[in-house]
Amino acid sequence: MRSMNMNTVVLQWSANSYDKREGNSKTSVYPTALNGFRKTTNTDVVDRVLREASSQGMSVWMGLQVNDQWWDVYAGDRTWLDREADTAINIAADIKTRYGHYAALDGWYLSFELDNVHFGTPAAVDNITHFYNRAIEGIKGWARQDVVAVAPFYNAITTGLPGWQNAAQFGETWRQVLENTDIDVISLQDGIGAGHATVAMLPEWFAAMRKAITDADSSAILISDTETFFIGASGLQPMPAKDIIAAVKAVDPYVDGYWSFSYNHYQSARSKFGSTAYDAAYRAWTQNRSGDGTDGSRPSTPTGLTAVTLSPQIVQLFWGASTDSGSGVAGYHIYRNGELVADKISPQGGFTDHQLDGGATYSYQIRAFDGSGLESDLTATVTASTPNLPGAPTNFARCGAQDGQPGCSYDLIGAPADPAYPDSGGTELTDGLRGPEYFDHQWQGRNAAGKYSFVVRLGEQSKPIKEINTRWFQVREYYAFLPPTVKYYTSNDGTNFQEQRTITTPAVSARMQAKTYRSIDLNVDAKYVKVEIDGGSAWTMLDEIEVRG
């Protein structure tokens, strides 16, 4: 980070005072003795960050706690807000006591994010102002520079819908907050990566926040929280340098500096993506801050694309790797039947297309891309045909009922369905009714639910199972994604379960659609089936569970 001309590290949070993924418990990333908190990381993250930042002469603004209930409560419950303010104060004091000897500990980050839909009423402004004042008064004095930063966000795409503030209204809300609080830094999320705004929209929103600061006679500085990710064909993935730079330049007249959210997660060669191409392109721009972020060298067109059918559900693609003399090849766009369905982030060729429908013919093309955002030409088209799926005509999850009637009973383990998309009557996952491809009462929804499971009771007698299937719904613009992982288990006693199949997110286009996670060629007798879902950090929408033989 230091070599990228970054001088400040913001640790997004050090604790979670209501962690859904850990059973609604209190968790931390450092060994705190605060009441009820449990460390869930292998290392002391706070110590590692402060130690390394101190060795590099960098500042750390330490994130205090997040709370997964925030996305339900917002500013609607002052008692809840008071409790979280006190928790923030206690964590700041604890971190100061444990790590105050590090020179890097300079300030604090309050992670409770204000948006442009939940804070526009006088009561909400009053409550959040009270929260900020209580928290800031308690945590100031525990760091050297006493900096307190916040990072609000907005969704410019949805303005015009009932309750959603436009830029001027959002700015007015912040003027009221800033007139009565001592916030030092507002790092406004630009929303480009999250799909909340386009580059053309940025000046209006950042100008409104700058005006709010000026009109409130506030000393707060304005930072652009520049998103370096985007929602790609394969989920959240690194944003190429040219798109990052376009967002930076759009807000430059209004801001005092920038946060990169987040080089570490996406562009760094040490991130989970492990791409040197994104790092090289981003690094080249940070060294001189000139140009548009592109490197002038397009990747070569991949060669020798072939498609081999492996099963009714799987087609394997092979091609010769592309080359790029600039930042390097970052990966490949995979097109199926003319739609972008996946991005492979690797300079090497090859891709496995799984969870296909049997008895179909598919066409494929590939395009290479580099870390700066330049792309190759498309390859020629190749095709592959899949054989028919094996037959499994009986749905044992119906328990003999007619469609529309309650099927087999099931138990939920984990997060309940959201009230907006509930499990109607506790039977809709086995009632045989499939919802249409838009939100309706047949779809059961959960938001950022983490892991949850269903155990379906198939009856007194074991059933000869050939398939276990679940049907999911995707609307990416509303953050409803296909689940990252679904696992299927079977049991004859309801206690001891054996894993039968794991399905990861298949390649699909960005359009709104339903997708079945289908396991085939099973050969097991069982009385119980467990479906275990990793719902990730977004909405998951489930329709039917089928157990076929």
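The alpha-carbon of K451 sits under 22 angstrom from the alpha-carbons of these lysines, leaving out residues fewer than 8 places away in its chain: K20, K26, K39, K272, K487, K515, K530. Counting only whole DSSP H helices of the chain, there are none at least 24 Å long by C-alpha along their axis and with mean Kyte-Doolittle hydropathy no lower than 1.0.
Dipole of the chain computed with +1 at Lys/Arg Cβ and -1 at Asp/Glu Cβ about the Cα centre; of S376, I334, L317, farthest Cα towards the positive end is L317.
About its Cα centre, the dipole of the chain is roughly 1240 debye, where the only charges are +1 on Lys and Arg Cβ and -1 on Asp and Glu Cβ. With an 8 Å cut-off on Cα pairs and a minimum separation of 6 or more residues, tell me the relative contact order of the chain in percent. Over the chain, the number comes to 9 percent.
For H354, what is the net charge nearby, where nearby means another residue's Cβ is under 13 Å from its Cβ and Lys, Arg count +1, Asp, Glu -1? Result for the neighbourhood of H354: +2. Equivalent-ellipsoid semi-axes for region 206-319 (Cα gyration tensor, √(5λ), whole Å, largest first): 38, 17, 12. Using only Cα coordinates, the Kirkwood hydrodynamic radius of the chain works out to 25.7 Å. Please work out the C-alpha center-to-center distance from region 444-492 to region 521-546 and express it in whole Å. If you average the Cα positions of each part, the centres end up 2 Å apart. Its DSSP H runs of at least 4 residues, each contributing -39,500 (n - 2.57), put the calculated 222 nm mean residue ellipticity of the chain at -6000 deg cm²/dmol, to the nearest 500. Dipole of the chain computed with +1 at Lys/Arg Cβ and -1 at Asp/Glu Cβ about the Cα centre; of A200, S275, Q56, farthest Cα towards the positive end is S275.
With Rh defined as the Kirkwood radius, the inverse of the mean 1/r over Cα pairs, the Rg/Rh of region 303-385 is 0.99. Each principal axis of the Cα atoms in region 396-548 has its own extent, and those three values, largest first, are 44, 29, 25 angstrom.
Out of all DSSP beta bridges with both ends in the chain, state the antiparallel percent to the nearest 5. Around 70 percent antiparallel, to the nearest 5. The trypsin sites (Lys or Arg not before Pro) of region 202-263 include none that meets both conditions, a loop assignment by DSSP and at most 11 other Cβ atoms within 10 Å of the site Cβ. Determine which aspartates and glutamates satisfy two conditions relative to K344: a Cα distance under 20 Å, and not lying fewer than 8 residues away in the same chain. Straight-line reach from K344, under 20 Å: D243, D279, D324, D353, D370, E375, D377.
Applying 1/(1 + (r/R0)^6) with r as the Cβ-Cβ distance of D252 and D215 and R0 = 22 angstrom yields a FRET efficiency of 0.55. The trypsin sites (Lys or Arg not before Pro) of region 385-484 that DSSP puts in a loop, and whose beta carbon has at most 16 other beta carbons within 10 Å, are R434.
Read the figures in this text as sums done on the coordinates, not as results from a lab. Since the model is a prediction, treat every value here as computed from it, not as a measurement. Cβ coordinates were reconstructed from backbone atoms using ideal geometry, including for glycine residues, and neighbour counts include every protein chain displayed.
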